[in-house]
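Heads up, the thing below is written out as structure tokens.
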Amino acid sequence: MRYAIPAADGVSIDGANEVILCRSNGEMYAFALSCPHQNTALKTMPKNAGFQCARHKSKYLPNGTFVSGRATRNMDRLQITRDGAQIVVDPDIAFESDVDPAKWAAALIKV
């Protein structure tokens, strides 16, 4: 999937491909749309404050770091690369912070 790099911080959701795109503090992330706890779709919190699971109220920072709730790990980050003014996301390659912390930490681009 290819997406334009947003000009400002914010979140967009590609429901058809189950991808969350987030630009925050000079970094761009791509996440799986589902909560890592029980695969419920995540929602954005107001003012780019992060994400929340509607089912069990797990909360995450804009970079996908787990804050509180019933989840036991961070949001799954998707493989993301930059190609000029676009980002390329592979929704089939996800990194779990507890399984591969180095790849999870590296799954971002600077903007």
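Laboratory data are not the source of any read-out in this text; all were calculated from the coordinates shown. Fair warning: this is a prediction, and the values are worked out from it, not measured in the lab. Cβ atoms come from the backbone with ideal geometry, glycine included; neighbour counts cover every protein chain shown.
Observations on the structure shown:
- Partnerless Cys - the chain, beta-carbon criterion under 4.7 Å: Cys22
- Taking the chain and dividing mean pair separation by its residue count, relative contact order in percent (alpha carbons under 8 Å, at least six apart): 24
- Positive minus negative residues near Ala107 (Lys, Arg vs Asp, Glu; Cβ under 10 Å): 0
- Lysine pair count for the range 2-110 (Cα-Cα distance under 20 Å; residues 8 or more apart in sequence or on different chains): 4.
- Lys57 sits among other residues whose Cβ lies under 13 Å from its own Cβ, and their net charge, with Lys and Arg +1 and Asp and Glu -1, is +4.
- Summed side-chain charge close to Glu27 - residues other than Glu27 whose Cβ falls under 12 Å, Lys, Arg +1, Asp, Glu -1: +3
- In plain terms, the residue of Lys57, Lys103 with the fewest other Cβ atoms within 10 Å comes first and the most crowded comes last, giving Lys57, Lys103.
- For the chain, a simple Cβ point-charge model (Lys and Arg +1, Asp and Glu -1, everything else neutral) yields a dipole of about 460 debye relative to the Cα centre.
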